[in-house]
1. Kindly provide the set of residues from the range 203-245 that are hydrophobic (A, V, I, L, M, F, W, C), more than 30 Å from Val138 (Cβ to Cβ) and within 30 Å of the chain's Cα centre (by Cα), ordered by number.
2. For the range 118-159, enumerate the residues that are out of contact with any Pro (no Cβ under 8 Å at 6 or more places or on another chain), under 28 Å from Val187 (Cα atoms) and in a loop (DSSP other than H, G, I, E, B).
3. Please work out if Tyr153 is without any contact (Cβ under 8 Å) to a residue 60 or more places away in the chain, of a type in the set (Phe, Trp, Tyr) and surrounded by 17 or more Cβ atoms within 10 Å (Cβ to Cβ).
4. Working only within the range 102-142, note down all residues that are closer than 22 Å to Asn84 by Cβ and of a type in the set (Val, Ile, Thr).
5. Would you please name the residue that is surrounded by the most Cβ atoms within 10 Å (Cβ to Cβ), looking only at residues in the range 91-111 that are over 43 Å from the mean Cα position of the chain (by Cα) and among the aliphatic types (A, V, I, L, M)?
6. Give the range 151-201 a look and list any residue that's touching a His at 6+ places or on another chain (Cβ under 9 Å) and hydroxyl-bearing (Ser, Thr, Tyr), or say none.
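Taken together, the values in this text are just the output of simple stated rules run on the coordinates, not laboratory data. Here the structure is a predicted model, which is why all the values come from computation and not from measurement. Virtual Cβ from ideal backbone geometry, glycine too; neighbours counted across all protein chains shown.
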Amino acid sequence: MKKVHLMMMGGVLLCLTGMAQTDTMPQEKPTTDTLRVGSIIIIKNGKEDKSEDDMRHKQGNPHRSRWKNKVSTNWFVVDLGFANHNDKTNYGTAEAQSFVHGATLAHPADKSDFNVKTGSFNFNVWLFMQRMSLYKQVVNLKYGAGIELYKYYYKSGIRYIEAPNPYVERQNTSFKRNKLAFDYVTVPLMLNINPNPGHKNGGLNISVGASASYLYGARNKQKSDDLGKQKFAGDFNLERWKLAYIAELGLGPVRLYGSYAITPLHQYGVDQHPYAVGVRFSSW
C-alpha cells in the first residue's frame with residue numbers, strides 16, 4: 001500500500017514539474033508575419049516592416065527635392081562671337097569734332113575714324129547660369145554672372161589718350177594692329193520659353209531679357225614698324241555702366257546669343273552702341 005502511495009505522489013510531482021516548466025517558457029507574441037502551431041513557428045514573410053523614420057530617410061526632404069527639380073545650374077558657359085557697334089553719332093556737332101584730335105576742315109571726324117575690322121570679337125565666360133522653372137519647366141527664369149570681353153580692331157590710326165578729359169587722336173603711323181579692349185562684369189536676367197522640356201537635345205527654346213554690366217578695365221594696344229608694340233591703359237571716356245538687351249536661341253544642341261547695348265560706349269563725344277552675335281557653348 002505504501003508503494004502505491006509513493007507511486008501516486010511521484011506522478012503528482014512529475015505533473016507539477018511539467019506545468020511549471022510550461023509556464024516559465026517565454027511566450028511568442030503573435031504577429032501578422034508568424035504563425036505558431038505548438039512548438040513550431042511558421043514565418044510567412046521574412047522581410048521586416050520599414051519604420052516611418054526609415055521611409056522618411058529614403059525619401060529625403062520633400063521641400064528640398066521640389067526645389068532641386070525647379071532649379072538647374074550650368075557651370076562655366078562660354079560665348080564666342082562677332083562684335084561691332086552701331087554708330088549713331090552726329091558728326092556735325094562741335095562735341096564730336098572736338099573729341100577727335102587731328103580732325104581738320106579738310107578731313108573732319110566721321111564714322112571712318114571708328115570703323116572696326118571683321119575680326120573684332122566678343123568673348124564671354126559665365127561662371128554659372130541657372131534656370132528656375134516658373135511653370136512646368138516650360139516658362140523659366142534664367143540668370144547668371146560672368147565677364148564680357150570685347151576686342152575692337154580699328155581700321156584707322158586713332159589712339160585713345162587718357163587725360164583729365166580723355167580724347168581720341170589721329171596718328172600719322174600706319175598700324176599693323178590697333179586694338180581697343182574693354183571688359184565688363186555682367187549679370188544677365190532672361191525669360192526662357194521651352195515648349196518641349198523633355199526633348200533629348202533641348203529642342204527649340206528662346207530667351208529674351210536684359211543685362212547690367214560694370215566696366216572694370218580698358219586697354220588700347222598698338223603695333224607698328226615705327227613704334228613697335230605699345231599698350232595704354234585707362235578709362236578712355238568709356239561709360240562705366242552698360243545696360244543691354246540680350247537674347248538666346250536654342251536649336252537642339254546649338255545655342256546662339258546676341259546682345260545690344262542700350263547705353264552708349266562713351267560718356268561724351270561719340271554715340272556708339274556695342275553689339276555682339278555668336279555661339280554659346282552650353283548644355284541647355
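1. Taking the range 203-245 first, the residues hydrophobic (A, V, I, L, M, F, W, C) are 204, 206, 208, 210, 212, 215, 218, 227, 232-233, 236, 238, 241, 243-244.
Filter once more, keeping what is more than 30 Å from Val138 (Cβ to Cβ): 215, 218, 227, 232-233, 236, 238, 241.
Once the filter is applied, which keeps residues that are hydrophobic (A, V, I, L, M, F, W, C), more than 30 Å from Val138 (Cβ to Cβ) and within 30 Å of the chain's Cα centre (by Cα), the range 203-245 yields Leu215, Ala218, Leu238, Trp241.
2. Listed by number, the residues that qualify are Thr118, Gly119, Ser120.
3. Values: without any contact (Cβ under 8 Å) to a residue 60 or more places away in the chain: yes; of a type in the set (Phe, Trp, Tyr): yes; surrounded by 17 or more Cβ atoms within 10 Å (Cβ to Cβ): yes.
The answer is yes for Tyr153.
4. Our first condition is that a residue be closer than 22 Å to Asn84 by Cβ; within the range 102-142, this holds for 109-126.
Result: Val116, Thr118, Val125.
5. The residue in question is Ala103.
6. Tyr152, Tyr167
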